[in-house]
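This report concerns only the one structure given below.
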Amino acid sequence: MSPKEYFMRATRSRGAAIALTGVLAVSLSACGGGGDSSASGPVDLKMALWSSNEDHLALLQEIGDAYTAEHGDEVASITFEPVTNPDYIAGLTTQIAGGDVPDLAWIPEASGPEFVDAGILHDVRDTLEGVDGYDLDDILPAALEPWQDDDGGVYAYPFSNSPFALYVNQDLLAAAGQPDVTTLVGTPEYTWATITDVAAATNGATGAAGLNVPTFTTTNWSAVTMLGNAWGAAPWSEDGATCEFASPEMVDYLTWYQDQIARGAIPAVSGNAAPAAFASGDVAFSVAQLSQSGSLDDSFEWSFLPLPAGPDGYHPIVGQAGVSVLERSEHQEQAAGFLAYLTNPANAELLSQFFPPPRASLLNVETLSQAAPKLTPEEIQTAIIDVVPEAQVKPQHPVLSQFTDKVRAGLDPVWAGGDVETAVTGICEQISPTLEG
Amino acid sequence: MRSDAARADRNRSRVTTITLYALLVVLSLPFLYPTLWMFFSSFKPANEIFVQPPALLPREWTLDGFAQVFTAQPFLQQYGNSMYIAAIVTVSSILLSAMAGYAFARIRFPLRNAAFTLMLAAMMVPTEVTIIPIFTAVNAMGLNDTHWPLIILPIFGPTSVVSVFIYRQHFLSFPKEYEEAARLDGVSRAGVFFRIALPLAKPAIAAVGIMAFLRSFNMYFEALIFLRTPENFTLGLAITRYQDFYGEQMWNTQLGAASLTVVPILVVFLIAQKQFVQGLAQTGIKG
Amino acid sequence: MSSRRPRPGGNGWLGVAFVAPQVLGVIVLGVVPFIFVIWYSFNEWRPLTGEMEFIGLDNYYRLVADPTFSASIIASLLFSAGVLVLNLVIAISLAVLLNRRMKGITGFRTIFFSPVVVSVVAWSVTWGFLLAPDGGINGALAILGIDGPNWLADPSTALISLVVVQVFKGVGMNMVLFLAALQSVPEEIREAAHLDGAGPWRSFRSITVPMIAPTILLTGILTTIGSLEVFAPVQLLTGGGPGDTTNVLPFFLYRTAFISQQFGYASAIGVVLFAIILALTMLQWTTRRRWVHDEV
């Protein structure tokens, strides 16, 4: 009698089933906690993710089910758990710190270096390279770089590589008697100066917000400082060891930003509240990613443009989210196997329904039209395809979480119209010891 | 002459009365206006929230704010979570604190004073101070993202001491004659408590019940630390989470959800406010 | 309250059984965790990696040198002082105003009490809208021709805004307690004082205040402890800013523990927070004999 037959016969009676479970439990624990998990049959995988969007979940579940159907001997089930703590990363790290470690997780780019540095993420390079047709080289080097260490290890697949762009409410501009700024794209006049002029005029005429960054709160200060790259401003040096908040470029940028608040082009900051949503129809310009177009309907006419140029020219920015296997997962191998499947070219194309892909082969109007059906092919070409290969990832730092509140406190006076020089010098004094490590 | 004086007196008292009413109306504003504004603003379209000059009533009434309350999050389930947690906390506190308060007031047992001093001292250890070990313990027991910490902490933790104190003050002034009569009839100590002292402690029960309910209902810090899936959220946490999928704020939806959490309790309070306030007034904190 | 001595011969075991759930609860959920907090504060502990290392008093040395920490203590003390004074003054004033027979007085009492039953999150969120630069409060001021400040972003108004939010939320509870205390002041005493020629202020100071002193003491202590625990309004309205002007200790602790992932350092903040609560409570408790005649 094969073990399977025996098992099936034994489980016909409930008593036998209970006895069997008991024996199984004992023998499993005798194996020393199942460290060699592959030997103990198919496992259940858990992935933590930031989105609780039902469509996102449905797609992931579909891919997950397809995988378990094919690899039922390795993975019995895959569950996708949204972590919707008001602060996703706090929720995730809290979960990990608590020892309730998911096997895979959605990691926002801001936390990437910190997680890689802390050894929390599992190197999946060998797994990905070992899969036929995975084509790791297809992934844009600029997109993959933040998730690699010096030895070439790969710690995540940046499934969402989404450029920041400028949303324009055409109806509001028209109501304010302002010109159509879309015609300026590609000309030297398409600058932050022009856009903020229009924003200020629109605010004056309609009372609507001029230009805002909807994800900006004082605690999420990087949503605004990142735009300084058009001024050549960066918060710290490339190696992360030197504070550059006090650089002339950053001072110029922040002073400019302050002036925009003062003249009404940018709404004033209120506590740590986020500004109005573009979807409310009460905002002329909004700096946001491609995915935001999903929340827009036909209630007003809008356009999707690349970010304007600043004094230092045009510097596109992408925001990323990666999917990683966690080092403390008990089923690293199985999880890495699923990661390779989830992000292979075919599934990457499915994911690009919602998330702009990091794969060069998918950067085309047809694929991206799925991600943002509300955009025109021209908008996709100019604001995404032309932009992504050269775009920089938002500034990151391996110990960001340790000094982010110091920067928040230091920048607060800037938003309120205080002296920029004093503020940024203070920030560097505060955070330099941490940066130098 | 007399009538003149009386009239002057009456006039003066009328002036005083009018001044007093005017004063009370003005003082009412900061207490009443925010709640009214929240309620009416949940009927405004999102772009009317910051309209100038500010208006209490919507120019254009809409139910948009409520439309997404239930679709963006499992709001009904979250409502249920808050309610059942608050119900367990309230009922348990009413009973357990009463037993402790009664014993501290009426029964002599070893280390009684030491135990009571310990209770009072523990009031100075809020959850914020001890959150890290509590967090690690909750994780070690696998109770993260469950409601257990939100139930156990307010019932048994240091915040429950106020309830014990209220009951103790109440039972200290409870007439001994009642108890003695019952004891002479052969009723046991426990019987005296359950059949005589507790049923007669209605004001204290009301006060403790209200305070326990509010304590549970206002619990935000602990929920923030321990809960992470929307299905498990309590209302306080849920209100802060009204953002669209891209992180943008849904103002009118948030206000709609806030109104839905506030209005029913406010209505219950208005109906029962006499008992409510009288119960609190007789807490014994009045010295 | 003539006798607080228990009847001799009470069943000791029953008393122990009756207090056991709460006393054990307080030990397990308060005392023991606090001992752990003290222990953790001597360690460097990064929960993300699970590394824990004994470092003696280093966290405390670091605290002393950390400008955020000193700012945080100042924020907590100012907030607490503001809430305590404003809350008691308003609560007592309202209680005195309402302590009379008048048509509609119950209605006013209900209004003043109503924020107590509004959830703290809903209350904070609403005030966030009202205190915005173009929110209702500045809109109202604009009608009066006043250009209102950016309440939550201006370092000179942010903390006081939070104090106001906290006070209006909770003062109704204290008002009711004072109202009850006032109602227990015998009318004859006040009338006697009136006949002796005492004005309302004098009679309030020399008769009412001493009579309600025990209530002042208890509400004072409870309000102080409550204000030092403030979290939700800070997180929802200011995020600790501008600068560190509203970065009160519980919020600083939360960010240090759960955002910066420094459990050891956060534990040291917790120990200091407890020390401050203890000190302020003791201060009120030990000075009580000077002004509270009736033993509580």
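The values are calculated or read from the model by the stated rules, or taken from the named source; none is laboratory data. Not measured: the values here are computed from a predicted model. Heads up, the Cβs are rebuilt from the backbone with ideal geometry, glycines too, and the neighbour counts pull from every protein chain shown. Note: accessible area is taken over every heavy atom of the protein model, side chains too, but ligands, DNA and RNA are not part of it. Shrake-Rupley method; radii C 1.70, N 1.55, O 1.52, S 1.80 Å.
A few comments on the model shown:
- Computed with a 1.4 Å probe over protein heavy atoms only, the accessible surface of chain A comes to 39 Å² per residue.
- Accessible area of the stretch C:67-291 belonging to carbon and sulfur atoms, whole % at 1.4 Å probe: 66
- Surface accessible to a 1.4 Å probe, residue A:109 within the full protein complex, Å²: 20
- For chain A, calculated [θ]222 nm from helices alone, where every DSSP H run of n ≥ 4 adds -39500 (n - 2.57): -11500 deg cm²/dmol
- Over the stretch B:73-241, relative contact order from alpha-carbon pairs under 8 Å, at least 6 apart, %: 45
- Distance (nanometres) between label positions extended 7 Å along Cα→Cβ at residue C:39 and residue C:184: 4.3
- Efficiency of FRET from Cβ geometry, residue C:101 and residue C:142, R₀ 60 Å, rounded to 0.05: 0.90
- The C-B contact accounts for roughly 9000 square angstrom of buried accessible surface, both chains included, probe 1.4 angstrom.
- Given charges at Cβ of Lys, Arg, Asp, Glu: the stretch C:67-291 dipole, positive-most of C:115, C:84, C:181: C:181
- Cα centroid separation, the stretch C:14-80 to the stretch A:271-290: 40 Å.
- Carbon plus sulfur fraction of accessible area for the stretch B:39-117, probe 1.4 Å, in percent: 69
- Förster radius 56 Å - calculated FRET efficiency between residue C:60 and residue B:274 (Cβ-Cβ, nearest 0.05): 0.60
- Accessible area (Å², per residue) of the stretch B:98-185, counting only protein heavy atoms and a probe of 1.4 Å: 34
- The relative contact order of chain C comes to 28 percent, based on Cα pairs under 8 Å that sit 6 or more residues apart.
- Gain on full stretching of the segment that runs from residue B:120 to residue B:194 - 0.36 nm per residue minus C-alpha separation: 24.1 nm
- Pairs of Lys residues in chain B are counted when their Cα atoms are under 22 angstrom apart and they lie 8 or more places apart or on different chains; the count is 5.
- 18 Å reach of a label modelled at residue A:386, 7 Å along Cα-to-Cβ, counting backbone N of the stretch A:314-338: A:314-318
- Taken as Cα centroids, the stretch A:370-437 and the stretch C:86-144 sit 40 Å apart, rounded to the nearest whole angstrom.
- Mean separation of Cα contacts under 8 Å (6+ apart) over length of the stretch B:2-64, as relative contact order %: 27
- Accessible surface of residue A:261 - all protein chains present, 1.4 Å probe, nearest 10 Å²: 30
- Within the full protein context, the accessible area of residue A:222 is estimated at about 30 Å² for a probe radius of 1.4 Å.
- Size of charge dipole - the stretch B:73-241 - debye, nearest 20, with Cβ of Lys, Arg +1 and Asp, Glu -1, no other charges: 380
- Förster radius 41 Å - calculated FRET efficiency between residue A:350 and residue B:57 (Cβ-Cβ, nearest 0.05): 0.25
- Which of B:126, B:175, B:237, positive extreme of dipole for the stretch B:73-241 (C-beta unit charges): B:175
- Taking every protein chain into account, the accessible area of the stretch C:101-157 amounts to 39 square angstrom per residue (probe 1.4 Å).
- Accessible surface buried upon A-B contact (total; probe 1.4 Å; Å², nearest 100): 2200
- List A:374, B:176, ordered by accessible area with a 1.4 Å probe, largest first: A:374, B:176
- For the pair residue B:22 and residue B:7, label points projected 7 Å from Cα toward Cβ lie 2.3 nm apart.
- Multiplying the residue separation of residue C:289 and residue C:13 by 0.36 nm and removing their Cα-Cα distance gives an extension gain of 95.8 nm.
- Kirkwood Rh and Cα Rg combined as Rg/Rh, the protein assembly as shown: 1.00
- Scoring A:164-177, A:62-75 by mean Cβ neighbours within 10 Å over their residues and listing the highest first yields A:164-177, A:62-75.
- Separation of the residue A:73 and residue A:145 label points, Cα + 7 Å toward Cβ, nm: 4.2
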